[in-house]
Amino acid sequence: MAGGVWGRGQARGGPVGALTLTALAEGIQASQGQPARPPPKGPEPQPELKPEAQPGRAAPATPTAAPEPGSPPHGQEPAPEGPQQTPPSAWEQGALADLALYMAACLEEAGLSGTQATALTLSSALEAQGQRLEDQVQALVLGLLAQVPSLAEGRPRRAALRVLSSLALEHSREVVGALLPRSLPPDRAAAELWRSLSRNQRVNGQVLVQLLWALKGAAGPQREALAATRALGEMLSVSGCVGATRGFYSHLLLALVTQLHELARGPGSPGAHKGWAACDRGPPHGHSSCAVEALKALLTGDGGRMVVTCMEQAGGWRRLAGAHTHLEGVLLLASAMVAHADHHLRGLFADLLPRLHSADDTQRLTAMAFFTGLLQSGPTARLLREEAILERLRAWQRDPEPTVRWLGLLGLGHLALNRGKVRHRRALLPALLGALGEGDARLVGAALGALRRVLQQPRAPVRRLSTELGSRLPPLLDDARDPVRAAAVGLLGTLVRRGRGGLRVGLRGPLRKLVLRSLVPLLLRLHDPSLDAAESSEWTLVRCDGALRWGLLEEVVTVAHYDSPEALSRICRRLVRWYPGHVPGFLSQTQGYLRSPQAPLRRAAAVLLGLLVHHSSPRRFSQDLLDSLFRDLGQLQSDPEPAVLAAAQVSCQQVALLARAQGRGQGPRFPRLRLRRRRARPARPPPVYPDSPFQRQSRAGRWGCSPPG
């Protein structure tokens, strides 16, 4: 058969076409001791093969010198020793590669350029030498790898790449095993060979499966896993290659995400000692960038370009590569896929379930994060019984590891989004309320977010949550952690919005008490250094204004954005008039903020205290309360911030005026005087506070907008 093939075509300008495969093999075998390229007999046929420029191909690589016999090619490591055979020498690699290249060129001359024809003919040539093709795959691949950089574009290079594809058709495992060691450190020739395998639709699926097994079998910073990650990035970057992943797409996606977790936890990871900043949306570096690019190519090639865009806008790729933010990145990826790539959710969900019980922490935690994120999809969550999901999440709540408990709380929050899960409220609420006392900010934030989602559902338990949160929520409004403080204020606003019907009809229930207890923190948090907490406080006060019909919307917005003492004075006057019995409590809460480590809060507390005193009746102040106010304001006389000192001096004058008015008002009372209410008390001059140097920063700067004026 081989002779017939060669008999139908003549190699132009050389004797190769006239030879049989056996004669060619014997001729190459007889040339031992001489350089592998060029062949010792006859003119070199490669220049005679007319190169043809192919559209879209890159410029040929710079030719490199042929390696010396017995030494590996320049810039590459020697092939790893296999247990079954001795590593081939450089001459053997070159001879076999020459044989394969001549044969592929002659086949193209004969009009037989298919991958299978090349594989059959190459196998026949080796059988003529008494060898088997599977025993020489490594030598052939290494020989091709050494020759590709020196081959011209067109027919010679096409012949070399066709030989590689013919080897991978039947021996993909051996081809991958020979190429992987040459892919790390990055090698241009190896990258070109990976891309050529990706373009061949008959072999790319087999090669991708072998790379997947190499990645899963040696996960982490091991050389084989790193090389497999780089090879996957090269192959998936070729248009149309992702279609070959049908049947193992979800496996490949999870393997790449898990590999990112392994790299992030490695000792050489740039994020191993600190988390990436949320605002740092640039690409990660090193090996992690290869895994990220492979993930992007996998998603984009399958129509998930919007997933990639969402991840870039949210800084998700950076989070995936960070040691302390990887799971947050997984949650962002799952959310983006729920929104824009739901055709893969069922497969992902099914592949995640076995990984939830993995003994490897990286696999288990990555699977848990993906499982938690996919619960946002109602159709996907219905693949399991509701009781089974709830029991799994409650089991995570009992785990000693805070990260697992955090993921469980997030899962409960996603479960609350599904209306069909509301009947599990009795089991869901105790876990969420109990997590509010955790010391980990992630756990508290997740519990607050889940409770907010519960309140957004129909028939939300407003009355029960108002009672349960009456003692738990106020301390969180002053929490030292900015995200927790902002989330707690937002939860209060949601609770007020859902319970506004009861507040409007004047119910004296737990929600009304909670609102009045939170008024002072909300007013002062309008000046919170955390922009999220300040905006959340403004939003919640607006909700309170609408529910309780204060009519103070303009004043609240003015204080929030302009720090206006006049607007705050109008708010205080109405609060004192509507809630006179709560004035001592308002003053006591305000005194606590005078000792805040944050200067904007100390100044805001001094101003609020002075305005409350100015609008209050002297009869409601005891001597102990006056002494306490004098003492706390006096401590601010040595404050290092001039704005705080100036505000404290003005408020101290108001306390002194009230004490003086209280002294004048003491005397015998005349109960028969019916016009006592109309008797005007001596007017106390209103306080005048200087402008505040602490103005809320606008978010316009985040988008590069300059402030007006």
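The values are calculated or read from the model by the stated rules, or taken from the named source; none is laboratory data. Every value quoted in this text rests on a predicted model; they were computed, and no experiment measured them. Ideal geometry is used to build each Cβ from the backbone, glycine not excepted, and the neighbour counts take in all protein chains shown. Only protein heavy atoms, including side chains, enter the accessible area calculation; ligands, DNA and RNA are left aside. Shrake-Rupley method; radii C 1.70, N 1.55, O 1.52, S 1.80 Å.
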Under a 1.4 Å probe, what is the accessible area of the range 547-645 per residue, stated in Å²? 44
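Which peptide among 578-586, 447-455, 530-538 comes first, and what is the full order, when sorted by highest mean count of other Cβ atoms within 10 Å? Provide the component values of the computation, followed by the final result.
Numbers: 578-586: 14.7, 447-455: 22.8, 530-538: 20.3.
Sorting 578-586, 447-455, 530-538 by mean packing, highest first, produces 447-455, 530-538, 578-586.
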Classified through the alpha carbon gyration tensor (a ≥ b ≥ c as square roots of its eigenvalues; rounded if a/c is under 1.5, else prolate when a/b is larger than b/c, else oblate), the range 336-457 comes out oblate
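Determine the sum of side-chain charges near PRO690: Lys and Arg each +1, Asp and Glu each -1, restricted to other residues whose C-beta is under 14 angstrom from that of PRO690. Walk me through the numbers before you get to the answer.
Numbers: positive: ARG603; negative: ASP563, GLU566, GLU641, ASP691.
Taking every other residue near PRO690 into account, the sum is -3.
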Label-point separation (nm) for ASP478 and ARG305, each offset 7 Å from Cα along Cα-to-Cβ? 5.4
Most to least packed among 625-638, 373-386 [average Cβ atoms within 10 Å]: 373-386, 625-638
What Kirkwood radius, in Å to one decimal, follows from the Cα pairs of the range 157-266? 13.8
Report the normalised scattering of the range 300-365 as log10 I(q)/I(0) at q = 0.13, 0.15, 0.24 Å⁻¹, calculated by the Debye formula with identical scatterers on the alpha carbons. -0.39, -0.52, -1.09
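Quick one: which of 616-622, 649-655 comes out on top by average Cβ neighbours within 10 Å, and what's the full order, highest first?
Taking the mean over residues of other Cβ atoms within 10 Å, the ranking is 649-655, 616-622.
So which trypsin sites (Lys or Arg not before Pro) in the range 506-546 are both in a DSSP loop and have at most 10 other Cβ atoms within 10 Å of their Cβ?
Here the trypsin sites (Lys or Arg not before Pro) that fit, given the DSSP loop and packing criteria, are ARG508.
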Cα-based convex hull volume of the range 564-662 per residue, rounded to whole Å³: 84
